[in-house]
1. Can you give me the three principal axis dimensions of region 7-219 from its C-alpha atoms, in Å, biggest first?
2. Please give the contour-minus-distance gain from SER278 to LYS441: 0.36 nm per residue of separation, less the Cα-Cα distance, rounded to one decimal in nm.
3. Per the Kirkwood definition applied to all pairs of different Cα atoms, how many angstroms is the hydrodynamic radius of region 231-376?
4. With the cut-off at 38 Å, report for the chain the share of all Cα pairs above it, as a whole percent.
5. How large is the helix-only mean residue ellipticity at 222 nm for the chain, computed as the sum of -39500 (n - 2.57) over DSSP H runs with n ≥ 4, divided by its residue count, in deg cm²/dmol to the nearest 500?
6. Would you pull out the residues with amide H under 5 Å of ARG232's amide H, same chain only if 5 or more places away, H placed 1.01 Å from N?
7. So what is the relative contact order for region 231-376, in percent, with contacts set as C-alpha pairs under 8 Å and at least six apart?
8. Pairs of alpha-carbon atoms within less than 8 angstrom and 6+ residues apart define the contacts here; what relative contact order does the chain have, in percent?
Amino acid sequence: MNPRHPCHLRLRNITIRNIGCRMKKYPEYIQKALASMNIEQLNPMQEAAIDAWSEGKDLVLLSPTGSGKTLAYLLPVLGRLQADVEGVQAVVLVPSRELALQTEQVFKSMNTPFKAVSCYGGRPAMEEHRTLKGVRPSVVIATPGRMNDHLGKGNIDASTVRTLVIDEFDKSLELGFHDEMESVISRLPALRRRFLLSATDADEIPQFAGVGQQSIRLDFLCDEEQIPSRIRLHVVHSPEKDKLEALGKLLCTLGEGSSLVFVNYREAVERVGKYLQSAGISCGMFHGGMEQPDRERALYRFCNGSCHVFVCTDLAARGLDIPHIDNVIHYHLPANEDGYIHRNGRTARWEAEGDAFLLIHAEERVPEYVKDTPEEYPLPQNPPKPKPARWATIYIGKGKKDKLSKGDIMGFLSKKGGLNRDDVGRIDVKDHYAFVAILRKKLSHTLSLVRGEKIKGMKTLFEEAR
């Protein structure tokens with residue numbers, strides 16, 4: 001075993017008895033934040049990160065996907081915020097819009113007196129500028145390009161920024177983001193602390209990141225376990241080079257389990273998705289070339305159970321909080337080991353189990369970076385098509401900015417739509433719109449009842465989100 005990797009610290013849940021006395025050493029603000037999130041215990045990685053940060057040095061944290069890294073850095077960042085300082089005190093850089101939004105929601109759920117705002121491409125920068133001026137956040141979570149834009153226009157005063165977090169740093173510091181990252185960091189002259197995190201290591205951390213030799217490195221990765229033993233690995237052979245038919249049979253075999261289908265190109269997402277839809281398999285599609293509202297709509301439909309299959313590029317392999325993924329399917333083989341690890345990390349999160357499938361044709365071979373031997377997974381000739389998803393999603397054209405809440409929506413659907421609580425699933429209220437999962441068998445009738453009705457005195461659009 002490589003001694004550099006503390007495999008004996010591999011993440012695991014620990015009992016509340018064991019952690020209760022330990023939590024007393026943490027400041028009250030941490031205990032309040034955890035209480036607001038209904039979290040009773042931290043895992044060993046999160047505890048180690050908090051302890052290491054308290055030593056006053058820069059920190060590099062390597063930990064598997066799904067291990068709770070967001071909380072591992074937000075709690076230390078929270079401890080650095082000062083109530084008597086006006087302006088942005090901490091900047092969190094992330095590689096995608098979805099991760100920015102997710103991180104903002106986690107921070108808000110901590111219910112602190114400090115404000116956080118996410119900034120990312122795909123929406124007007126001027127709208128974000130107005131939000132920054134109105135909210136006056138202490139924390140800004142942003143993609144590198146959009147952060148550069150705001151710093152360049154003076155929308156954010158860099159003189160108060162003391163803390164920098166780079167989440168998924170191996171992705172954020174690679175060639176595509178390299179220049180933008182260097183530009184952002186060069187515009188933050190008052191930085192005092194840096195916190196870098198990822199689920200895979202980088203060959204080297206560029207000098208401009210400013211992480212010195214005295215920094216602390218916490219490595220919770222283990223070379224000997226490439227993917228958790230909770231993930232069952234399979235290989236599926238396609239008789240044709242075009243693997244669409246084999247994929248369709250596999251998904252039919254998997255039935256109603258939730259499945260991520262990874263491809264390597266945006267165009268392939270569209271091609272595979274349209275094939276599955278034509279074959280009667282409901283699926284969502286997700287890639288970086290889609291408009292942000294379309295990406296959000298597809299993601300919500302998958303997360304709330306309105307479709308069981310999500311065809312995506314590696315954009316969905318990092319940062320997205322998608323619970324309960326049963327299957328990861330590599331329609332296209334990952335380009336490298338890091339991609340393989342991140343994709344598989346979408347399933348078997350925390351203590352759950354999951355399955356990963358390598359779909360290969362006669363001219364392909366299982367890549368050398370796959371260290372475990374996959375089990376053969378035979379496909380039946382005529383598997384039955386999966387049943388339609390139990391849930392369907394309704395789009396409502398009003399949101400938080402219109403003073404609309406989850407309670408308002410539930411009350412409206414009960415009074416005007418004839419639904420009871422068991423008919424309604426997940427409700428997500430965004431700034432300008434909302435998504436609601438309802439039983440599919442009640443979709444048509446409910447839409448006919450609410451169409452033309454007012455919600456909280458407002459006329460708006462009600463339609464199925466597709």
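Laboratory data are not the source of any read-out in this text; all were calculated from the coordinates shown. Treat the numbers as computed from the prediction; the structure is a model and nothing was measured. Here Cβ is always computed from backbone atoms with ideal geometry, including for glycine, and neighbour counts include all displayed protein chains.
1. Taking the Cα atoms of region 7-219, the three principal extents are 51, 39, 28 Å.
2. 56.5 nm
3. Evaluated over region 231-376, this radius sits at 15.2 Å.
4. 28
5. Helix-only estimate at 222 nm: -9500 deg cm²/dmol.
6. Amide H to amide H, under 5 Å and 5 or more residues apart or across chains, ARG232 pairs with GLY354, ASP355, ALA356.
7. 38
8. That works out to 15 percent.
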